[in-house]
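Down below is the structure, laid out as structure tokens.
Laboratory data are not the source of any read-out in this text; all were calculated from the coordinates shown. Source: prediction; values computed, not measured. Here the Cβ positions follow ideal geometry from the backbone for every residue, glycine too, while neighbour counts run over all protein chains shown.
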Amino acid sequence: MPLPKFLKEPWRPEVAGALIGLVAVLQIIVVRSPWYITGPENQFGGWLFYVLTGGLLNTKEWAYFNPNSPMFVAPAAAPWEPANKEFMIVWGFMLGAMIAKAIEGNWRLRWPANRMVVLLSIIGGLMLGFGARLALGCNVGNFVATIQSLVFSGFVFFLGMAVGTFISTRLIEDFLMEKMHKSKPIRIELGSNVDNRKVLAFALAATLLTTLYWWGLGIWAAIAFLYLGIAYGFFGSKGNVCFTSMLRDGFWSRLAPYGGNARAIAIALAIMITGNLVLKYGFGWQYREFLFPVGVHTFLGGVLFGIGMVLVAGCSFSSAYRSGEGSIPHLIAWFGMVAGMTILSYVWPFFFTTSIYLSPVLHFYDFFGGNVAAGAAAAYSVALFIALVGSWRDGTLQRLVQIPPLKILAPRLHV
């Protein structure tokens with residue numbers, strides 16, 4: 001039986017953004033936690049460094065990973081360990097995108113165009129990791145997930161990302177573009193022509209085997225994270241949703257001004273805010289919110305993360321799901337991000353004691369005398385601002401404003 005046509009074609013990013021927002025609300029209901037990514041990746045990085053160095057880097061004793069430390073966050077753990085079951089959401093991103101592209105018939109290995117791309121993927125990935133760990137979260141955990149809960153750190157991290165993407169966009173478009181074109185090309189044909197039916201079969205088999213593994217352990221939460229991740233990755237891939245494009249193309253780029261991703265993220269954010277308000281304040285639903293303290297570390301982490309996003313042409317979400325699409329540059333960047341987070345975890349005590357521990361947790365409504373409605377309006381305004389700026393830059397708003405008024409034809413009177 002042939003698949004529906006809409007599954008074989010790309011989607012508008014706004015549609016994908018709306019579906020991602022709904023999945024994020026569903027995640028609050030199913031696993032009682034907001035959408036997040038980098039925490040489990042950091043745990044994976046701690047384990048990976050330990051294994052690759054044969055224990056010479058005893059990451060398990062670092063304050064970040066050591067349960068006996070007062071600065072402990074999470075243990076270093078492999079993706080298949082129950083202590084890191086949340087990593088299944090990242091694995092789901094990759095499988096979901098693989099399924100999406102295989103159904104379209106567009107899955108293939110995409111190798112770096114030249115050596116400069118490889119270098120930027122490594123440097124940008126490291127900066128993504130540094131920024132995400134310094135700010136306690138990435139564009140998902142410390143932007144949409146915190147603003148969803150009306151936590152002010154998300155707004156400060158957004159400002160930092162905006163500054164970082166401006167710096168990096170100007171760097172790329174004004175100085176590095178010519179060097180990238182002159183860089184020695186990399187010509188690899190391996191995986192450029194594959195049977196997408198086999199790719200789809202592999203992705204479905206991997207999904208089934210992963211499900212059976214966690215079912216055998218009786219850890220249903222891991223299965224839930226897996227399928228939530230598959231949904232995020234599938235929708236993200238179908239709409240080519242990317243937070244990098246939201247800021248680079250929607251705010252700063254002179255070469256490719258485009259507001260589709262800005263509108264997609266704004267729609268997803270608005271749905272997530274609404275879901276939080278209805279569930280938490282309407283039904284009293286309790287879940288693990290990210291009450292991140294806001295301080296210098298939040299803004300600085302956002303700046304580093306923003307610079308890294310443009311260098312790799314991807315965020316923590318899109319780098320993961322595009323790896324599942326077969327993009328080798330994004331896979332390099334993803335491992336770079338994991339390495340960056342793990343490296344910064346080594347100096348975690350310094351940042352924890354000098355900024356993070358000393359910083360307050362603030363909500364939007366704290367600036368309005370505790371008025372939740374006013375705080376929610378401020379959070380919605382962030383989404384509206386993102387949508388309007390992106391829509392203005394790509395001309396969508398101007399076209400809407402210039403719609404000619406409907407002409408009402410009055411009957412002629414004959415005397």
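Over the chain, dividing the summed -39,500 (n - 2.57) contributions of all DSSP H runs of at least 4 residues by the number of residues returns a 222 nm mean residue ellipticity of -19000 deg cm²/dmol. Sorted fewest first by neighbouring Cβ atoms within 10 angstrom, M341, M116, M94, M309 come out as M116, M94, M341, M309. Which of L171, V73, A24 sits farthest toward the positive end of the charge dipole of the chain, with +1 on the Cβ of Lys and Arg and -1 on the Cβ of Asp and Glu? Farthest towards the positive end: L171.
With contacts taken as Cα pairs under 8 Å and at least 6 residues apart, the chain reaches a relative contact order of 31 percent. Which residue, G302, G324, G284, tops the fluctuation ranking in a GNM of the chain built on C-alpha contacts under 10 Å? Its mean-square fluctuation being the largest, the pick is G284.
Site-free segments of the chain were taken between chymotrypsin sites (Phe, Trp or Tyr not before Pro) in DSSP loops having at most 16 other Cβ atoms within 10 Å, sites themselves excluded; the longest one is 81-282. Take the chain, connect every pair of alpha-carbon atoms lying under 10 Å apart with a spring to form a Gaussian network, then pick out the residue of G216, G131, G375 with the largest mean-square fluctuation. Residue with maximal mean-square fluctuation among G216, G131, G375: G216. Each principal axis of the stretch 32-85 carries a Cα extent, and these read 37, 25, 17 Å when sorted largest first.
Taking every lysine pair in the chain that is 8 or more places apart or spans two chains, those with Cα atoms closer than 15 Å amount to 6.
Backbone geometry of the stretch 273-282 corresponds, through the Karplus equation with coefficients 6.51, -1.76 and 1.60 at θ = phi - 60°, to 3J(HN,Hα) couplings of 4, 4, x, 4, 4, 5, 6, 6, 8, x Hz, x marking Gly and Pro. Volume of the convex hull of the stretch 105-230 (Cα atoms only), normalised per residue: 160 Å³. Only one of [x] 33, 28, 24; [y] 33, 27, 17; [z] 50, 27, 20 was calculated from the structure for semi-axes √(5λ) of the Cα gyration tensor in Å, and its label is [x].
Out of V25, V294, V51, any idea which swings most in a Gaussian network model of the chain, alpha carbons joined below 10 Å? It is V51.
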